[in-house]
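Undergrad: What follows is a structure written as structure tokens; I'll ask about it next.
The values are calculated or read from the model by the stated rules, or taken from the named source; none is laboratory data. Model, not experiment: these values are computed from the prediction. All Cβ positions, even for glycine, are placed from backbone atoms using ideal geometry, and neighbour counts span all protein chains on display.
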Amino acid sequence: MVSINVEGSTTVNTPRMPRNFQQFFGDDSPFCQEGSPFQSSPFCQGGQGGNGGGQQQKFMALGSGVIIDADKGYVVTNNHVVDNATVIKVQLSDGRKFDAKMVGKDPRSDIALIQIQNPKNLTAIKMADSDALRVGDYTVAIGNPFGLGETVTSGIVSALGRSGLNAENYENFIQTDAAINRGNSGGALVNLNGELIGINTAILAPDGGNIGIGFAIPSNMVKNLTSQMVEYGQVKRGELGIMGTELNSELAKAMKVDAQRGAFVSQVLPNSSAAKAGIKAGDVITSLNGKPISSFAALRAQVGTMPVGSKLTLGLLRDGKQVNVNLELQQSSQNQVDSSSIFNGIEGAEMSNKGKDQGVVVNNVKTGTPAAQIGLKKGDVIIGANQQAVKNIAELRKVLDSKPSVLALNIQRGDSTIYLLMQ
């Protein structure tokens, strides 16, 4: 474990002064002369805030890191520890200090890789297989809390596959009750063999203090991300090209699926890796490369750390049968949506029968209503609900009258078939 001290600057928005105030003071005013405390204020036209733009504010921060390659001096830490840093200093447990430079960073997973300059006599940590972790396994957290120096705390694995801290990020956290505090970010979470199982990254602290709920990025994710940073200087993220949500017991019952955990596929994007592999809306992804998938968030996080061109085998549950498909990940497009939300209600959609037993067509969707929020669009054709064929409004009403806790609508949209979920 190493301690990391950084210096940097960030842009802070400053207020825009009315033009007549700036003209009143002017750069010739005594208030704006050299040595005046007001010279750089928004009151002076030449001041950093005079035009209401951004002002550069210097900062200092501290954190922790883990040496993963002794020969090359690679140290993994959190992105938020070194983000916007202009100076990075690394201090070892024996007191030696080194300058370091940025190799690569990935804000969406909160991982960064830095490199110690002129490394000598370093020791790298051994990485464990984080997929082998089980709830209840003992853990040890090592870091530099509050700049006090190397500190060790112990606990257990409280949970696996945690997500939801930030919906935009790739999260598949190990939850631990080993004490993690400010300054521990980027430090090691190890097993009793001293092997790295995760990088400490966040805590749940309603009052700002440790309450025994900490989160670490699994070592297998760290390994995938840092190997790309070494090779490319960045993460070239692949994607499946699906939209989906978690499979829970209520959704499984609604879809008549004999599974309780997995990733439910609600839509497959055209020309995506998933589409080319034959994945369909309504499939449930239960495994990735032979290892169980517990949730859509876990699938998204694991795939999101794999490079473009990775070859995968996905286990699917389709119409009650287990199916395996092979595919190759394509380049991720950041504007694609990876998950869909579930909202209450179906109000706001005007529907009518489409021809003779051809489904129920959506004629209009009112903006801001639950129907709009779940993604219903004008022109959609509802052809099924909760795995029951819907040929007309009467059949749709029959499903709705049963008041299911989850409603899975099978939608024909253009040439695609998708699922929209409501509860």
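Undergrad: Quick one: in the range 60-114, which of the residues that are assigned to a loop (DSSP other than H, G, I, E, B), on the phi < 0 side of the Ramachandran plot and among the small types (Gly, Ala, Ser) is surrounded by the most Cβ atoms within 10 Å (Cβ to Cβ)?
TA: Filtering the range 60-114 for residues that are assigned to a loop (DSSP other than H, G, I, E, B), on the phi < 0 side of the Ramachandran plot and among the small types (Gly, Ala, Ser), the one surrounded by the most Cβ atoms within 10 Å (Cβ to Cβ) comes out as Ser109.
Undergrad: What number goes with the only condition from (1) touching a residue at least 12 places away in the same chain (Cβ under 8 Å); (2) part of a loop (DSSP other than H, G, I, E, B) that Val361 does not pass?
TA: Against the list (1) touching a residue at least 12 places away in the same chain (Cβ under 8 Å); (2) part of a loop (DSSP other than H, G, I, E, B), Val361 comes up short only on (2).
Undergrad: Please verify whether the range 269-283 includes one or more residues that are modelled with pLDDT of 85 or more, more than 28 Å from Gln412 (Cβ to Cβ), under 21 Å from the mean Cα position of the chain (by Cα) and outside any strand (DSSP E or B).
TA: No, that holds for no residue.
Undergrad: What are the residues in the range 293-334 that are among the β-branched types (Val, Ile, Thr) and over 11 Å from Leu240 (Cα atoms), if any?
TA: If the condition is that a residue be among the β-branched types (Val, Ile, Thr) and over 11 Å from Leu240 (Cα atoms), then Ile293, Thr305, Thr313, Val323, Val325 are the ones that fit.
Undergrad: Only one of (1) among the hydrophobic types (A, V, I, L, M, F, W, C); (2) modelled with pLDDT of 90 or more; (3) under 30 Å from Ala408 (Cβ atoms) fails for Val190. Which number is that?
TA: (3)
Undergrad: Within the range 115-138, count every residue that is buried (at least 18 other Cβ atoms within 10 Å of the Cβ), assigned to a loop (DSSP other than H, G, I, E, B) and of a type in the set (Val, Ile, Thr).
TA: Matching residues across the range 115-138 total 1.
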